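Where a number appears in this text, it was derived from the coordinates with a stated rule and is not lab data. Bear in mind the structure is a predicted one, so any value in this text is a computation, not a measurement. No Cβ is skipped: glycine too gets one built from the backbone with ideal geometry, and neighbour counts run over all protein chains shown.
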Amino acid sequence: MEYTEQMIPIGTKVLLKKLVHTLDKKYGNILLPQTHEQNSSMGIAQVIKLGTDKTVKESGLNVGDFVLYDYYSVFENNPELVLTNVENIILRITAEEAETYLQKYVIR
């Protein structure tokens, strides 16, 4: 699916463009718990659009931010875009950190 301007997340949803699909259970020196081991997936993405709910606005996320996210309800193999709840955003990271992980996990 390709991103279009007409895609507007509703409520507490956030639309992400995935950069790195799966990370180890550590992010730097932080151990990441896998609470939903069976269908869990963590990765790095860039925020494309924010939902309309007050919770999203209060989260401090902005379009263009890089984030570490956790989602376990995506069943399609390797989707480029991920629609997830704002609660599934674990960390906001810098562009430099995103680039470091992109180089580490993606073969260019």
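Here the simple spin-label model places points 7 Å from the Cα toward Cβ, and for Ile90 and Gln103 these points are separated by 2.2 nm.
For the residue pairs Lys57/Lys104; Lys18/Lys54; Lys49/Lys104; Lys13/Lys57, the alpha carbons lie more than 21 Å apart in Lys57/Lys104; Lys18/Lys54; Lys49/Lys104. Close amide H contacts of Leu91 (hydrogens built in the peptide plane, cut-off under 5 Å, sequence separation of 5 or more or a different chain): Leu68.
Extending 7 Å from Cα along the Cβ direction at Val63 and again at Gln6 yields two label points whose distance is 1.7 nm.
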